């Protein structure tokens, strides 16, 4: 080893030692930050304040981005770091108990509470100190006693069983709230209002059973009857960190036919096509850019789950058939442009759709950049 090589190694070691020392300081600061955010979570919970504060978060990002820019650092880097820290702190705050919005509630009954999604709500209600009971198939002989003093009954069963279960709930206490968690709303709401004369609300949690909490998760709420009597339930969701999106049931079902049913169906068709074509998935993954890898991830993710769940969603509403046929027709319409080598027609369609998206196209482009960076970081070699 030459003198210059030894000198280089010595200087590099000193610099790396300095970086290690800074990293150690960062770990200590992060530990201190986590301790303080845990205290914030307990304080908020004690008075019923939601853990997630979007206004505070937006102000913080703007302030720290400016601070980073003034310091010659990348604002995007600082925001990314802060988002990761806040996501972790939300999880730590979420681990503690929650404020109980309605201590006068006698009992919460979750029909299907041992199922994946039902279990999420059972856990949350228990952590908010509510008395919770569960009804599963074997419990129906004793269901009358379980439901006798219920203040809230939530139906959390597969779509194909929802109507049948609701028909069994025709003798609830007058002031009991009846709610469901299915991904269609008009039909369950109709059946619930027919079975129960008290307050009724349709709910659609826009998340899967793998969530650890409801912070930044969306729950769609469709008014059924006597909303003033179930307002405390909506407030409880907000305390848990959920965002509530109220919408009429028919609008919900129309939207879900596009953003859920059609999306699932086209994803399943794409996966089926890849298999039928005999594609080498290992090679596809190896040669994919981050955006295509992310698309493959979303396709593979679907096929790792229960097929009956997706069959229930797609088959639940026969009106969805018309939507999917129109989608297939438009697919063939665009394919015809390609077959005829009509690039002008294709580009014209593209520009027309781009105009329809408006500013959202640019917004989604920017939002996707950070998602793609994360997808690339997580890539397994």
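Mind checking the full-extension length gain between residue 370 and residue 340? Use 0.36 nm per residue of separation minus the Cα-Cα distance, one decimal, nm. Could you put the intermediate results ahead of the total?
Details: separation 30, 0.36 × 30 = 10.80 nm, distance 3.76 nm.
Full extension from residue 370 to residue 340 adds 7.0 nm.
Using Cβ contacts closer than 10 Å as the measure, can you line up 356, 140 from fewest to most? Please report the intermediate quantities before stating the final value.
On the way: 356 9, 140 13.
Sorted ascending by nearby Cβ count, the order is 356, 140.
So, in Å, what gap is there between the alpha-carbon centers of region 150-195 and region 1-28?
If you average the Cα positions of each part, the centres end up 65 Å apart.
For the chain, just say rounded, prolate or oblate: build the C-alpha gyration tensor, square-root its eigenvalues into a ≥ b ≥ c, call rounded for a/c under 1.5, and beyond that prolate if a/b exceeds b/c, oblate if not. Spell out each step's value before the answer.
Numbers: a/c = 2.15, a/b = 1.25, b/c = 1.72.
Verdict is oblate for the chain.
Using Cα springs under 10 Å in a Gaussian network model of the chain, which residue among 121, 346, 190 shows the largest mean-square fluctuation?
346
Please report the equivalent ellipsoid semi-axes of region 108-247, computed as sqrt(5 x eigenvalue) of the Cα gyration tensor, largest first, in whole Å.
Numbers: eigenvalues 84, 57, 43 Å².
Each semi-axis is the square root of five times an eigenvalue, giving 20, 17, 15 Å.
Can you tell me how region 290-348 classifies by the Cα gyration tensor, rounded, prolate or oblate, using a/c under 1.5 as the rounded cut?
Verdict is oblate for region 290-348.
What percent antiparallel are the DSSP beta bridges of the chain, to the nearest 5? Could the numbers behind the result be given before it?
Details: 6 of 25 bridges.
That works out to approximately 25 percent antiparallel.
If a/c stays under 1.5 just call it rounded; otherwise compare a/b with b/c (prolate if a/b is bigger, oblate if not). Do that for region 13-100, with a ≥ b ≥ c from the square roots of the Cα gyration tensor eigenvalues. Don't jump to the answer; show the numbers that get you there.
Numbers: a/c = 3.51, a/b = 1.59, b/c = 2.21.
Oblate is the answer for region 13-100, as a/c is 1.5 or above yet b/c matches or exceeds a/b.
Okay, helix-only estimate at 222 nm for the chain: each DSSP H run of n ≥ 4 adds -39500 (n - 2.57), divide by all residues, round to 500 deg cm²/dmol; what do you get? Walk me through the intermediate numbers first.
Values: 16 runs with 235 residues, N = 381.
Only helices count here, giving -20000 deg cm²/dmol.
Roughly what % of DSSP beta bridges within region 166-265 run antiparallel, to the nearest 5?
Values: 6 of 13 bridges.
Counting only bridges with both partners in region 166-265, antiparallel ones make up about 45 percent.
Which residue fluctuates the most in the chain, going by a Gaussian network model with Cα springs under 10 Å, if the choices are 202, 322, 72?
72
Where does each of 156-169, 4-17 land if you order them by average Cβ count within 10 Å, highest first? Don't skip to the answer; put the middle values down first.
Working: 156-169: 18.8, 4-17: 10.0.
In descending order of packing, they fall as 156-169, 4-17.
Please order 270, 98, 130 by the number of other Cβ within 10 Å, starting at the fewest. Let's see the in-between values first.
Details: 270 15, 98 25, 130 21.
Taking fewest neighbouring Cβ atoms as first place, the list is 270, 130, 98.
Under a 10 Å cutoff between Cα atoms, tell me which one of 205, 290, 173 has the largest fluctuation in the Gaussian network model of the chain.
290
In which sequence would 296, 117 go, from the one with the fewest C-beta neighbours within 10 Å to the one with the most? Display every interim value, and only then the final one.
Working: 296 17, 117 21.
Result, fewest neighbours first: 296, 117.
Every number here is computed from the coordinates shown, using simple stated rules; none is lab data. Worth saying up front: this structure is predicted, and the values here are computed from it rather than measured. Positions of Cβ are backbone-derived with ideal geometry, glycine not excepted, and every protein chain shown enters the neighbour counts.
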